[in-house]
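Notes for the one structure printed next.
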Amino acid sequence: MTKETIKTFALDPHSPMPLYYQVYTSITDRIATTEFTANQLLPSERLLVEQYGVSRITVSRAMDLLKEKGVIRLHHGKGHYVNRQKLHNDPTSRASIKDYLSEQGVETDWQVCHKEWLNGPDSESIGLNLPMGRKYFQAQLMMRSDGKPVGFYYLYVPWKVARAARVDAMDEDSLLTFLRDSPTTNNCKTERCLDAMLAEGAAANQLQLAEGSAMMRIDIRYTASSGTLVQAMRSFYRGDSFSYRF
């Protein structure tokens, strides 16, 4: 009898991202491309070890992260099942962040809190599915209304896009306008993922929210017609100050 060939997936041992996170990203991609669908049983951890060529501990850490993010659930004695995924919106057109909020009657002030070049995705970009092994320009923006923090943003711009826009040569106001209004994302495909959550961690601190209070997270990816990523953004909003509608 011929032994069944096991489908394997190559990881990058030289990537700044740990192996368990690479496994996590790969499995989320396999779910996003419907290789695994809602309520489907995932391969066993033993099989995943063979598929990815890593240790059982590495696979277990990836599965723990998938459970923490609500992507999968464990049925004891059976295995891990895929959860129904979060609500997505793929509009054909969109306004800039500033214009979108103005339409809802929110007048805002903005500030660039931090900016840097990254040699690959960082821990804050988990779930945005940024291609690994690439350089990104990352900026953190604060949005205030009536002097109170309302939204906090992590923006990621691929190196080629950022270089073409000459972000290094921009002054503070020009950089803020570029990041806030996202001119490079015109005519891009837009994918949004909305999640209501309890406030925790750095985002809660930036928004001056008590742990466990209401907070909203929105992930957005902009891709060109070729499928190339143009920009990605993870944003957090105070649940008592901002409403989001599709």
Original post:
GNM, the chain, Cα, under 10 Å: largest mean-square fluctuation among Leu74, Leu141, Leu179?
Top reply: Leu74
Subject >> Rg and Dmax [Cα atoms of the chain; Å; Rg one decimal, Dmax integer] >> reply: 19.5, 72
Original post:
Taking 0.36 nm per residue of separation and subtracting the Cα-Cα distance, what length does fully extending Asn187 through Glu116 add?
Top reply: 22.9 nm
Original post:
Using 1/(1 + (r/R0)^6) with R0 = 30 angstrom and r between the beta carbons of Lys160 and Asn205, what's the FRET efficiency to the nearest 0.05?
Top reply: 0.35
Subject >> Under the Karplus curve 6.51 cos²θ - 1.76 cosθ + 1.60, θ = phi - 60°, whole-Hz ³J(HN,Hα) for the stretch 233-240, x wherever Gly or Pro sits >> reply: 9, 10, 10, 10, 9, 5, x, 8
Original post:
Short version: ³J(HN,Hα) in whole Hz for each residue of the stretch 208-213, in order, from phi by Karplus 6.51 cos²θ - 1.76 cosθ + 1.60 (θ = phi - 60°), x for Gly and Pro, what are they?
Top reply: 6, 9, 6, 3, x, 7
Subject >> Å³ per residue enclosed by the Cα convex hull of the stretch 140-242 >> reply: 108
**OP:** Of the listed pairs Lys115/Lys160; Lys115/Lys148; Lys69/Lys160; Lys160/Lys189; Lys7/Lys78; Lys148/Lys189, which have alpha-carbon separations greater than 26 Å here?
**Re:** Lys69/Lys160; Lys148/Lys189
Original post:
Among Ser125, Ser182, Ser44, whose mean-square fluctuation peaks in a Gaussian network model of the chain (Cα, cutoff 10 Å)?
Top reply: Ser44
**OP:** May I ask you to derive the FRET efficiency for Lys69 and Ser174 from their Cβ-Cβ distance with R0 = 30 Å, giving the value to the nearest 0.05?
**Re:** 0.25
Subject >> Dmax and Rg, reported as Rg then Dmax, of the stretch 19-82 (C-alpha, Å) >> reply: 10.6, 27
Subject >> Computed FRET value (nearest 0.05) for Thr108 with Asn39, which takes r as the C-beta separation and R₀ as 35 Å >> reply: 0.30
Original post:
Bin by bin, in steps of 10 Å, what percent of the Cα pairs in the stretch 193-243 do you find, going until the bin that has the longest distance?
Top reply: 25, 43, 20, 11, 0
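A short reminder: the numbers here are calculations on the coordinates, not readings from a lab. Computed from a predicted structure; not experimentally measured. So basically every Cβ, Gly included, is an ideal-geometry build from the backbone, and we count neighbours across all protein chains shown.
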